[in-house]
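As structure tokens, the structure follows; a few thoughts come after it.
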Amino acid sequence: MRPPPDVAEQGHYPVVGEDPTLVRVLSSALADLRDELRALGPAVAREVPSLRTAWPQGRDGDLAVLDVIRTRTFADAVVPPFGVAADALSQYADDLAAGRRAVRVLNGAFVALSPVAAHLASLAVPTTTAQMVERDRAETDVRLAAAATGFVSVGDIDVAYEVLVARVTIASEECAEALRGVTAAQSVVGSVPGASVFAGGLHLLADGGLGTSLRRAGLSTFPDSPLLVAAFWATLTGVERQAVLASDPARFGNLDGIPVRDRDSVNRTRLEGEIADGDAWFVAHGIPLPHGQADLDRLTPWQRVRLGLLDLPTLLLVRPVLPTQAQAARRLGRYREDLAVRDTLAFGDAHLMTFDPGAFQGEGRVAIAFGDPDSADNITLCVPGLESRVAKMTQVGSDARRLYEESAAADRAHPTAVIAWQGYDAPSFLTVASSAQAEAGAVLLASDVRGLVATHGNDPTITVVGHSYGSTVTGLALQQHGLAQDVDSVALIGSCGVGGSARTVVDLGLRDDQLFVGTASRDVINATSNTLLGKDPLDPDFGGTRFRTESVERDRPGLADVTGITDHSRYYDQANHSESLYSLADIASGHGDQLRAHDMVADRPNRVRVPLYDAPPVSPPGLPPIVLPAPFPPPYVDPEYARPATSGHLHEEP
Amino acid sequence: MLAMDPDRVRGVGGRIGEVGQLARSAADTLSHLEVPHARVTVDQAAAAFLRVWGDALLALATELRVLDELCSCSAAGVVRDDEAARFSYAAPASARTRTAVAG
């Protein structure tokens, strides 16, 4: 048990472990290096806008900027390991120093106790008075030594030393484990920037390497189905994958069938490049860089003039907006979208699985996953509705993030991923009655889900939650694009209709137990039931399960609340721990069958429509009666309307 | 034709080069650090840490220096814009440096 001494030792018990002074020197040196290295990343980052401004055009300028960004990322990544190593060694030095102090105490105790104990042991059984006196003195000496040292016997000191050795050994192993962890982290952080993806990409292309990789996989051209893409991807080495991504980041960063982590890596680099462009634009005009999207709303009129968004004649409305001003406005819009995406990624544990800011006439196509969809057992896609767009990504993202947290709590045994899917061109108020955008979105939704299935490899539980117009997108994807083959359950919330010709859940390709419908009784969407975009899935004859979605805030005074507009947007509300978010979490975690046990199943409304004029009129004194529009109350009998809303629904206590 | 402002690109390169010096200096310091003893697992783990992260810092410094040279050479017109990226990234760092000098 006793290790050999590391240094000359004066006492009975040798010291344990290294010299704490030397360990502390190493710890301090690493801490100093960490402090120096902290300057690396910010110093490189400061040059990105300058480089972009100085070298504004061309593919090679882009590549240089992107590589500087990657270098910055790596420079940032080297700092934490040095901190961890310094802290681990510092703690170990403390433990060693404490160990040495303890050894000194034990040696002192040994010196005090050992001779008197040995003397006592050497005495024979007393037979004379003198021997009895001597023994009594010896016993007194032992008692005094024991009182002074705190040890009854030398054997106790031996035991204490063995405990000390074990304690220092554990400290040593903990320190070594921390060091090994941060050493291994170097390979996790990534290859050094000299072998960056862009390096590999150019190298591979120059050598015709992609063709070689394809031939090796038995393909003549790059595959176009998610399953084939995933299969091809599995044949590539890490360097080859990085090379393919680098050869066309915009294409491969958004290609279904490529694992989300790889897409995230290249898409984040592209996002940083875009933001660097915006930063450079602001720097060139002497405007402070925004910390986030919200800062763009606080630009002063003078700053807007400097950015070319305004001039005095435009401000005074004496001249229409100039083309250059429109161009500046588009540039600001793009910058706003990029910052919104970055703000959403900052919610944490996020992957940028789709990033196509130029899609849909510049409104953008983005999907952000919370959790890792390639390894999660439960995957949910949140399909937003009317008026959603990338510039509002933080809203879609926060909805998905709340569902991510609640559904993860609903099933801790299985990893969860929830995707904020702003993957289609959502309509505005003016175009909401048309199904054209839903039809286009349905193709994309079905393809993206197929891509998730392809890259996962196992058999995850997949749920799609379609909100409002997003329920139409989902309905059409189910009816026309085979989405039903890839999903386990579907939740339609605040639905304005499932689109197409579906009349029942069977027409969606789903079983009755796979469809869940949630529409709050006061949601304004009730006023459009079965009139806008196909069959209302809330109808009693549609099938599926209606779940509870009433909000305790539903009767709050205020125009938006009274008209049901706010209730159309409360399905993901976390405040008051709502019925809706709780129910959605049950469904998203694959436990839709638990809704009844959780008292979250709601009765359907009676769809025998009450003529609008049968609604109780409001009769202000002295005025003719006013017939209020729906839903005051809704134009049918909805049992949920009268049921008191409940709150406090949580899968785990906070 | 270069789609860049040569003086400004060169300025950026110089500053990136300075950061590279910092990284190299850190790596040099790391290579001179010694583990306190060579008996127990802490020492082996510390030695591995110093070796791996020292290499990473050296590579980082090299990359930053290459970026510095890329910016400077491109800005001086030594390398055409359409060749700059290939020059910078297609070969190992040491070869890149030689190419830059030769160019």
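The values are calculated or read from the model by the stated rules, or taken from the named source; none is laboratory data. From a predicted model like this one, the values you see are computed outputs, not experimental measurements. Note: ideal-geometry Cβ built from the backbone for every residue, glycine included; neighbour counts use all protein chains shown. Note: accessible area is taken over every heavy atom of the protein model, side chains too, but ligands, DNA and RNA are not part of it. Shrake-Rupley method; radii C 1.70, N 1.55, O 1.52, S 1.80 Å.
Checking an interface number: how much accessible area is buried between A and B, summed over both chains, with a 1.4 Å probe, in Å² rounded to 100?
Values: alone 30260 and 6900 Å², together 32800 Å².
Between A and B, the summed buried area is about 4400 Å².
A simple spin-label model places the labels of A:Thr128 and A:Glu36 7.7 nm from each other, with each point 7 Å out along Cα-to-Cβ.
Evaluate the Kirkwood expression for the hydrodynamic radius of the range A:232-333, namely the inverse of the mean inverse distance over all pairs of different C-alpha atoms, and round to one decimal in Å. Spell out each step's value before the answer.
Working: mean 1/r = 0.0609 Å⁻¹.
Hydrodynamic radius (Kirkwood, Cα pairs) of the range A:232-333 is 16.4 Å.
Of all segments of chain A bounded by trypsin sites (Lys or Arg not before Pro) found in a DSSP loop with no more than 15 other C-beta atoms within 10 Å, the longest spans A:1-297.
For the range A:213-290, the solvent-accessible area of protein heavy atoms averages 41 Å² per residue (probe radius 1.4 Å; ligands and nucleic acids excluded). Do you know the relative contact order of the range A:407-555, to the nearest whole percent, from alpha carbon pairs under 8 angstrom that are 6+ apart? The value is 19 percent.
Give me the 1.4 Å probe accessible area per residue for the range A:426-559, excluding ligands and nucleic acids, in Å².
In whole numbers, the range A:426-559 has 34 Å² accessible per residue.
Averaging the inverse of every distinct alpha carbon separation and then flipping it gives the Kirkwood radius. What is it for the range A:340-394, in angstrom units?
12.0 Å
Helical runs assigned H by DSSP (4 residues or longer) give chain A a calculated mean residue ellipticity at 222 nm of -16500 deg cm²/dmol, each run adding -39500 (n - 2.57) before division by the residue total.
If you place +1 on the Cβ of every Lys and Arg, -1 on the Cβ of every Asp and Glu, and leave all else neutral, what size is the dipole of the range A:333-408 about its Cα centre, to the nearest 20 Debye?
Here the size comes out at about 360 debye.
Note on chain A: dipole from Cβ charges, positive end direction compared against A:Leu492, A:Ala75, A:Pro427; the farthest Cα belongs to A:Pro427. Among the residues of A:32-38, the average count of other protein chain beta-carbon atoms within 10 Å of the residue beta-carbon is 3.
Between 0 and 90 degrees, the angle of helix A:79-122 with respect to the longest Cα principal axis of chain A falls at about 30 degrees.
Dipole of chain A computed with +1 at Lys/Arg Cβ and -1 at Asp/Glu Cβ about the Cα centre; of A:Leu210, A:Asn107, A:Pro14, farthest Cα towards the positive end is A:Leu210. The mean number of Cβ atoms from other chains found within 10 Å of a Cβ in peptide B:8-19 is 5, as a whole number. Magnitude of the charge dipole for chain A, about its Cα centre and with charges confined to Cβ atoms of Lys, Arg (+1) and Asp, Glu (-1), is about 1500 debye. Enclosing the Cα atoms of chain A in their convex hull gives a volume equal to 275 cubic angstrom per residue. How many percent of the accessible area of chain A is carbon or sulfur, using a 1.4 Å probe? Solvent-exposed carbon and sulfur of chain A make up 57 percent of the total.
Per residue, the range A:38-183 exposes an accessible area of 47 Å² to a 1.4 Å probe, with every protein chain left in place. Per-residue mean of foreign Cβ neighbours for A:12-18 is 2 (Cβ atoms of other chains, 10 Å radius).
Angle check, please: helix A:40-54 long axis (alpha carbons) against the longest principal axis of chain A (alpha carbons), in degrees 0 to 90, nearest 10. Around 30 degrees separate the two axes.
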